[in-house]
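Here's the structure, in structure tokens; my notes come after.
The values are calculated or read from the model by the stated rules, or taken from the named source; none is laboratory data. On a predicted model such as this, the values are computed, not experimentally measured, just so you know. Don't worry about glycine lacking a Cβ; one is built from the backbone with ideal geometry, like all the others, and counts go over all protein chains shown.
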There are 2 protein chains.
Amino acid sequence: MLKTLRTSLLCLGLLGLFGCAPAEPAGGGAEAQAPQKVYRWKLITTWPKNLPGLGTAPERLAEQLKVMSNGRLDIKVYGAGELVGAFEVFDAVSQGTAEMGHGAAYYWRGKIPIAAMFATVPFGMNAQEMNGWLHYGGGMDLWRELYEPFGLVPLASGNTGVQMAGWFNKEINSLADLQGLKMRIPGLGGEVLQRAGGTPVALPGGEVFTALQTGAIDATEWVGPYNDLALALHTVAKYYYYPGWHEPGPTLESIVNKDAWDSLPADLQAMIEVATRAINDDMLSEFTARNNAALRTLVDEHGVELRALPDDVIAELRTVSAEVVAEAAAENELAQRIYDSYMSFLEDVRAYHEISEQAYINAR
Amino acid sequence: MLKTLRTSLLCLGLLGLFGCAPAEPAGGGAEAQAPQKVYRWKLITTWPKNLPGLGTAPERLAEQLKVMSNGRLDIKVYGAGELVGAFEVFDAVSQGTAEMGHGAAYYWRGKIPIAAMFATVPFGMNAQEMNGWLHYGGGMDLWRELYEPFGLVPLASGNTGVQMAGWFNKEINSLADLQGLKMRIPGLGGEVLQRAGGTPVALPGGEVFTALQTGAIDATEWVGPYNDLALALHTVAKYYYYPGWHEPGPTLESIVNKDAWDSLPADLQAMIEVATRAINDDMLSEFTARNNAALRTLVDEHGVELRALPDDVIAELRTVSAEVVAEAAAENELAQRIYDSYMSFLEDVRAYHEISEQAYINAR
């Protein structure tokens, strides 16, 4: 017994629920249970099936929910294109084609322009700050209000941390180099690029590689070294730029069809709420741990050139970002409330982080 | 029904599981269940009962577990001194007096010197980095190995983020001002202060106020504005210094008695594992959201003087910290492995964060 426990303890998760292959149930005393209703759900995602980090997180979530519920919540996960295309996830869950989805709110910007603020805002909050706003700054209430007319319940479900500025086949030495630049970049960041003279393109992850390879685009942002290496973007681009001004800590989302949500008993609802928060913690941990090793592989083994965006380019993007985000707020009353809440929280948390997180990281 | 859902959605958590008073179970369809074994546990903490952030987190954890398990896991939370004293939590859970505890690993430094590394290391990792190391860098395996001889299973269960350097009744203008300074400061930070000429004192949170008020100590660190305001430390100290070099992102811990853990069926074990990760995410969110408002209250309403530690003091503390931490590693083979793992991860994650989190926060 001691040996069995020891073995299971040496897995990354006690039950292998995080970051390991599913393990045998540890511990004893599983009790006889009366047969109960089993909820068989489909979870559709915007990610290539099992893409490290983004695609594996919903798989882990489903596994955790199955173990916690003794199989009463049995969720099958689909990659982009298996049931519906990446950008059809929102509508498909809204209509009940699937009970649940996993993606990012800025993918729905064509339908709900302000939604992007629940994923990420150029020059806005990092992961820790987004989590603070969503859960203790009023953000989640606004997000639920925004999705309610679509019959969807949103839950924060992952964060990549600060991303890279992206992969470029053209050098960016000055503002002039942004003119005419065709770049895959979603959400508000894409609008900022457009205003700065570039041409943003919306593409799901599964199509980025080919677009860059064929020259249909000059550049792409995706996530960071761990994810970018998995897509082999270094094989079709010359330069790797930082920092990710456009995605300083994007929140990934789970969305649940409201009728499906309402059909669940309270214990299963609670499991989804708690497990999505755990996955939120888990995904950032995974990216934090694996990005640097992937970066070293990219630089040392594949000869990738790492470059900083020039200061004047950053300064211009910062100015344009402030305009673009403020204009998005003018769309309607709810958008303005979302903007005001976000900006007020950002101002507040920035002030504190100047003497805490930022002061510390610069002092250590 | 729509109105009911709307009301519950406007609470901070869908089910009120995070940051709200316990709500009525939302949704319908609660099913008849066969009577099942109820596990009634005691959870003892090192915190004053219901202290905001630190003390409320284990209360939330217990509430979540109760809802998720339909009452099968019924945990009663005790503040420090209610069943055992704050610094007796480790032994009491080890011996089975209580099934579970919540505290911080550096409180057990007298018994297991290297344990402090699982809470926080002076000039070491911040919250995001600690989570990465624990869950994807081998940290949790080492922590479990360290606690196994004591019959305890550790789980990361909260983080405050970068703390403040603390409350002082003496000005710190140079290294000379550290000489003879009597300061409440636990863990490795305390040893660093001692080596730098001060006198560290170990005190649980509930005794800090009186010690500072009576002049038994000249200074104390506690957490940050949100928590410090709750302890009213501003009423008994003159200066509030930053940044928290000694606690850049302390991990709080849950500890579970191994026999109690083994007695649980796999679904309840999974709920504890997942719910502690969710609380880990939740506590940092709460501190992140509430620290700045508390800081403004301290400065604007209570006239607190905010000061930065001088650069030469920071530089000396950094040098001494490196020595102290390296010496702690020499204690035994396991301590050395823990140190090596931590330092290797820190070096790696620092390198990446220089071009991501740090580069971004300085650029925005």
Expected single match for more than 10 Å from chain A (Cβ to nearest Cβ) and assigned to a strand (DSSP E or B) among B:Gly110, B:Gly103, B:Gly96 is B:Gly103
Considering only residues of region B:160-205 that are more than 22 Å from B:Glu316 (Cα to Cα) and out of contact with any Ser or Thr (no Cβ under 7 Å at 6 or more places or on another chain), which is surrounded by the most Cβ atoms within 10 Å (Cβ to Cβ)?
B:Thr160
Given the criterion more than 22 Å from B:Leu134 (Cα to Cα) and either in a helix (DSSP H, G or I) or of a type outside the set (Asp, Glu) (or both), identify the matching residue among A:Thr288, A:Thr276, A:Thr319.
A:Thr319
Restricting to helices (runs of 4 or more DSSP H) lying wholly in region B:165-269: which have 1 or more residues that are out of contact with any Leu (no Cβ under 9 Å at 6 or more places or on another chain), over 30 Å from B:Arg296 (Cβ atoms) and of a type in the set (D, E, K, R)?
B:187-195, B:258-263
Out of everything in region A:331-341 that is in contact with a helix residue (DSSP H, G or I) (Cβ under 7 Å, 6 or more places away or on another chain) and not hydroxyl-bearing (Ser, Thr, Tyr), what residue ends up being surrounded by the most Cβ atoms within 10 Å (Cβ to Cβ)?
A:Ile338
Can you find a residue in region A:258-281 that is touching a residue at least 40 places away in the same chain (Cβ under 8 Å), away from every other protein chain (no Cβ under 12 Å), crowded, with 19+ Cβ neighbours inside 10 Å and touching a Lys or Arg at 6+ places or on another chain (Cβ under 8 Å)?
no
Could you check region A:35-73 and list, in sequence order, the residues that are outside any helix (DSSP H, G or I), farther than 20 Å from A:Arg290 by Cβ, within 14 Å of chain B (Cβ to nearest Cβ) and out of contact with any Leu (no Cβ under 7 Å at 6 or more places or on another chain)?
A:Pro35, A:Gln36, A:Lys37, A:Val38, A:Asn70, A:Gly71
If you check B:Asp177, B:Asp228, which single one turns out to be within 20 Å of the chain's Cα centre (by Cα) and of a type in the set (Asp, Glu)?
B:Asp228
Of the conditions (1) surrounded by 24 or more Cβ atoms within 10 Å (Cβ to Cβ); (2) part of a helix (DSSP H, G or I); (3) over 18 Å from the mean Cα position of the chain (by Cα), B:Met140 satisfies every one except a single condition; which number is it?
(3)
Among (1) surrounded by fewer than 18 Cβ atoms within 10 Å (Cβ to Cβ); (2) touching an Asp or Glu at 6+ places or on another chain (Cβ under 8 Å); (3) modelled with pLDDT of 95 or more, which single condition is B:Gln36 missing?
(3)
Got a sec? Which of B:Val299, B:Val313 is free of Cβ contacts under 8 Å to residues at least 12 places away in the same chain and within 13 Å of chain A (Cβ to nearest Cβ)?
B:Val299
A:Pro243 - would you say it is over 14 Å from the mean Cα position of the chain (by Cα) and not polar (S, T, N, Q)?
yes
Which residues, counting only those in region B:113-156, are facing chain A (nearest Cβ under 9 Å), touching a Lys or Arg at 6+ places or on another chain (Cβ under 6 Å) and over 23 Å from A:Ala363 (Cβ atoms)?
B:Val153
For the list (1) out of contact with any Lys or Arg (no Cβ under 8 Å at 6 or more places or on another chain); (2) within 11 Å of another protein chain (Cβ to nearest Cβ), I need the number of the one condition that A:Arg318 fails.
(1)
Hey, B:Leu306 crowded, with 17+ Cβ neighbours inside 10 Å and within 12 Å of chain A (Cβ to nearest Cβ) or not
no
With respect to B:Val208, is the statement that it is within 16 Å of B:Asn169 (Cα to Cα), touching a Ser or Thr at 6+ places or on another chain (Cβ under 6 Å) and among the β-branched types (Val, Ile, Thr) true?
yes
Quick one: how many residues across region B:63-96 are surrounded by 20 or more Cβ atoms within 10 Å (Cβ to Cβ) and over 27 Å from B:Ala202 (Cβ atoms)?
9
Identify, by number, the condition in (1) in contact with a His (Cβ under 8 Å, 6 or more places away or on another chain); (2) without any contact (Cβ under 8 Å) to a residue 12 or more places away in the chain that A:Pro149 doesn't meet.
(1)
Condition test on B:Glu88, is it farther than 21 Å from B:Arg277 by Cβ, of a type in the set (Asp, Glu), part of a loop (DSSP other than H, G, I, E, B) and more than 10 Å from every other protein chain (Cβ to nearest Cβ)?
no
Would you please name the residue that is nearest to B:Met125 (Cα to Cα), looking only at residues in region B:206-229 that are aliphatic (A, V, I, L, M) and surrounded by fewer than 20 Cβ atoms within 10 Å (Cβ to Cβ)?
B:Ala211
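Matching residues to (1) within 13 Å of chain B (Cβ to nearest Cβ); (2) polar (S, T, N, Q); (3) touching a residue at least 12 places away in the same chain (Cβ under 8 Å):
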site: A:Asp340; (1), (2), (3): no, no, no
site: A:Val349; (1), (2), (3): yes, no, yes
site: A:Glu357; (1), (2), (3): yes, no, yes
site: A:Ala363; (1), (2), (3): yes, no, no
Could you tell me how many of the residues in region B:59-78 are at negative phi and out of contact with any helix residue (DSSP H, G or I) (no Cβ under 8 Å at 6 or more places or on another chain)?
5
Of these, B:Glu88, B:Glu99, which one is of a type in the set (D, E, K, R) and out of contact with any strand residue (DSSP E or B) (no Cβ under 6 Å at 6 or more places or on another chain)?
B:Glu88
